[in-house]
1. Quick test of your reading of the structure: VAL263 fulfils all but one of (1) aliphatic (A, V, I, L, M); (2) in contact (Cβ under 8 Å) with a residue 60 or more places away in the chain; (3) part of a helix (DSSP H, G or I). Name the failing condition by number.
2. Out of all the residues in region 329-365, which are over 30 Å from ARG403 (Cα atoms), free of Cβ contacts under 8 Å to residues at least 60 places away in the same chain and surrounded by fewer than 18 Cβ atoms within 10 Å (Cβ to Cβ)?
3. Determine whether GLU292 is under 20 Å from THR200 (Cβ atoms) and under 20 Å from the mean Cα position of the chain (by Cα).
4. Taking into account only those residues within region 316-327 that are part of a loop (DSSP other than H, G, I, E, B) and among the hydroxyl-bearing types (Ser, Thr, Tyr), which is farthest from ASP233 (Cα to Cα)?
5. For region 328-362, what are the residues that are more than 25 Å from ARG391 (Cα to Cα) and outside any loop (DSSP other than H, G, I, E, B)?
6. Go through region 351-410 and give me each residue that's acidic (Asp, Glu) and either closer than 24 Å to PRO224 by Cα or modelled with pLDDT of 80 or more (or both).
7. Any residue in region 218-231 that's in the same structural domain as THR198 (by TED's automatic domain parsing): show its pairings with residues that are at pLDDT 85 or above and among the polar types (S, T, N, Q) at Cβ separation under 9 Å, as long as the two are six or more apart or on different chains.
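The values are calculated or read from the model by the stated rules, or taken from the named source; none is laboratory data. From a predicted model like this one, the values you see are computed outputs, not experimental measurements. A quick note on method: Cβ atoms are made from the backbone with ideal geometry, for glycine too, and the neighbour counts reach across all protein chains shown.
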Amino acid sequence: MRDPQARLEEAVGLALAINLDIVLSEVVPVSALKPATYLGGGAVERLAQELADADISVVIMDCHLTPVQQRNLERDWKVKVIDRTGLILEIFGERARTREGQLQVELAHLNYQRSRLVRSWTHLERQRGGFGFLGGPGESQIEIDRRLIGERVARLRKELEEVKRTRHLHRQARRRVPYPIVALVGYTNAGKSSLFNTMTKAEVFAEDLLFATLDPTMRALELPSGRKIILSDTVGFVSDLPHELVAAFHATLEEVLEADVVVHVRDIAHPDSEAQKADVERVLKQELGLEEEVEHGLLEALNKIDLLDEDGLTEVRTLGSRSDSLVPVSARTGEGLDRLMRTIDERLNLARVVLEVTVPVQDGATQAWLYRRGEVLSRTDADDVVTFLVRLDQADAGRFSERREKEDAWASGPWDSLAQQADGDTTP
């Protein structure tokens, strides 16, 4: 359970994210949800008077309202009412910059709005005449709008399938390079983009705002071992994240599915840090299917330690010393980033295999490839061969085996027999 006051502060932060002026904010106790208005009758009457006195034009309810509840509250209060889903959609609509982000937001918004056409407009029951001279009741305006929305949704889904296909091709290209992918995930405003900027020296938009990042960003990063990785900054999660948004942003979130290491960035200074962690893990498990990864433990970057008091800082550092999966960091000061990158290096090593490889001394290309693509643990030089103990990614280990098989086939194949014939042939 979340602290009601912390939840209210988050709702205020969401409203501020789209530049609304907050006049009143309060936690309203609800003993039982009312099907007609969500709130009890007494609370609705009291708030109606307060809203009229303060000349308020928009009310945000930090919950999910049915179309009927939304319509009834607007009628009783005579103001526009937005629920949590509508508010998050408004934020995403303002923040989306790329064509992909705009497509995803529009699809989510249309799916949300389609069920609320009756509530939103009073003119939608008008009917136009039928075709031909017979006339007839024809098609009502609401049916026209539903049909148009349905057609637009179908077009958007088709375009997003193209986006999905393009992303898949990009991922295939990265696998051919290949650099491991490390994805930053976490609750909105946990400091993912700030951490991303500090680690990669990038200039991704990072502000003390909820949902400052919508479009995923990737940058190359070199780890302490010299290995290069691709670091991915992703959209933040939030409690009660609308299903419409998760579905629409699935093409973007698939970057997390492809990651070799997932780093859960947490705002450890937030009073609801544990609840935020549970919300993020719920989305990762239920919506993205990362159940096994979550169960075995994600790598957690406990961010914003610079905001903790002495007791809190001591407690977090103690937690970090007891577990390899918990790394206290500060994206603002840079504290703990060296350990975070070393830990990422170690996590990637767990997925690597160690091979003993013998290479002819004159085969400089293969030796250079091993140094470039792997981590050489030891090297033993003999007269005509060099023996390496090298750690490789699974993909590179497979490539090396294929390369050796081709070389063996070449050495013992028909070209070899032709070369032997040529060597023994004395005909000028």
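1. The number of the failed condition is (3).
2. THR333, GLU335, ARG339
3. When the stated conditions are applied, GLU292 does not pass them.
4. SER323
5. PRO328
6. Selection gives GLU356, ASP363, GLU375, ASP381, ASP383, ASP384, ASP393, ASP396.
7. Listed by first residue and then by second, the contacts come to MET218/SER232; ARG219/THR200; ARG219/SER232; ALA220/THR200; LEU221/THR200; LEU231/THR200.
So that you can scan it fast, the table gives a plain yes or no per residue for (1) surrounded by 17 or more Cβ atoms within 10 Å (Cβ to Cβ); (2) closer than 24 Å to ASP267 by Cα:
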residue: GLU9; (1), (2): no, yes
residue: ALA15; (1), (2): yes, yes
residue: ASP55; (1), (2): no, no
residue: PRO67; (1), (2): no, no
residue: GLN70; (1), (2): yes, no
residue: THR85; (1), (2): yes, yes
